[in-house]
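What follows is a set of notes on a single structure, which appears directly below.
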Amino acid sequence: NNEEKGAAAVVDLNSKYGDGKAVFIKCDVTKDLDDVSKKIFETYSQVDVLVNNAGTVDEKSARKTIELNSIALMEWSMKFWEHMRKDKGGLGGTILNIGSIYSFAIDPYVVFYKASKFAVQGFTTSLGHADNYKKFGVRLIIICPGFTYSALTDRQLCWDEHKEDFAKFVKNEKWQNAE
């Protein structure tokens with residue numbers, strides 16, 4: 001489960017970079033931003049890196065998909081961006097937002113997911129623009145992985161009407177493992 005993987009990642013990172021350098025906090029990124037960020041800022045005065053990696057594929061609910069994949073990512077980015085800003089006393093930092101190579105694709109499938117990742121791409125490249133980096137000292141980077149075997153892709157991803165066509169489509173795509 002995610003908690004076990006998170007705990008294992010913390011052990012691995014702390015063994016490489018020093019105790020207390022990494023932390024895993026289980027939360028609902030759509031609801032727990034204020035509580036979790038307060039805890040982080042109180043524990044670590046300086047945050048060097050934020051990785052926004054929460055996401056879903058839910059083609060039955062545009063709201064759920066956009067709320068988790070786009071809005072939560074933007075809100076977490078802005079909260080940490082404000083904390084990191086050099087012009088406001090921060091030391092700068094880096095925010096890594098996980099997008100998708102699929103946001104560059106033009107096809108009739110997984111429209112809510114694709115729209116959410118288009119939003120991530122636009123937000124990250126705009127806030128992460130070189131002019132903003134020069135002015136505020138916070139770098140934003142979007143990482144756009146390709147099709148990846150994961151808990152997200154272990155279930156039906158598209159509308160029933162597209163199920164057969166989508167299965168043929170993704171069969172021809174290059175897939176990778178999360179590890």
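Every number here is computed from the coordinates shown, using simple stated rules; none is lab data. Just so it is clear, the structure is predicted and the values come from calculations on it, not from any experiment. Backbone-built Cβ (ideal geometry, glycine too); neighbour counts: all protein chains shown.
Can you list residue pairs whose Cβ atoms sit under 8 Å apart, with the first residue in region 109-120 being free of Cβ contacts under 8 Å to residues at least 40 places away in the same chain and the second being of a type in the set (F, W, Y)? Count only pairs 6 or more apart in sequence or on different chains.
Matching pairs, first to second residue: K114/Y102.
Name the pairs: first residue in region 85-96 and touching a residue at least 40 places away in the same chain (Cβ under 8 Å) and under 12 Å from V47 (Cβ atoms), second residue among the acidic types (D, E) and surrounded by fewer than 13 Cβ atoms within 10 Å (Cβ to Cβ), Cβ to Cβ under 6 Å, at least 6 apart or on different chains?
The qualifying pairs are G93/D48.
Return a yes/no flag: does region 14-23 have any residue that is basic (K, R), farther than 22 Å from G93 by Cα and in a loop (DSSP other than H, G, I, E, B).
No, that holds for no residue.
Hey, N97 hits all of (1) among the polar types (S, T, N, Q); (2) assigned to a helix (DSSP H, G or I); (3) buried (at least 18 other Cβ atoms within 10 Å of the Cβ) but one; which does it fall short on?
(2)
Return yes or no: is D107 in a helix (DSSP H, G or I) and loosely packed, with under 15 Cβ neighbours inside 10 Å?
no
Output the number of the condition that M78 fails; it satisfies all remaining conditions of (1) assigned to a helix (DSSP H, G or I); (2) more than 15 Å from R139 (Cα to Cα).
For M78, the failing item is (2).
Please enumerate the residues belonging to region 10-49 that are in contact (Cβ under 8 Å) with a residue 24 or more places away in the chain and closer than 22 Å to I142 by Cα.
Passing the criteria: V29, T30, L33, S37, Q46, V47, D48, V49.
With the checklist (1) over 17 Å from V170 (Cβ atoms); (2) surrounded by 18 or more Cβ atoms within 10 Å (Cβ to Cβ) in hand, flag the one item A115 doesn't pass.
(2)
Spot the failing condition for A7; the list is (1) in contact (Cβ under 8 Å) with a residue 40 or more places away in the chain; (2) in a helix (DSSP H, G or I), and only one is missed.
(1)
Quick one: in region 50-59, which of the residues that are of a type outside the set (S, T, N, Q) and in contact (Cβ under 8 Å) with a residue 40 or more places away in the chain is surrounded by the fewest Cβ atoms within 10 Å (Cβ to Cβ)?
Filtering region 50-59 for residues that are of a type outside the set (S, T, N, Q) and in contact (Cβ under 8 Å) with a residue 40 or more places away in the chain, the one surrounded by the fewest Cβ atoms within 10 Å (Cβ to Cβ) comes out as V51.
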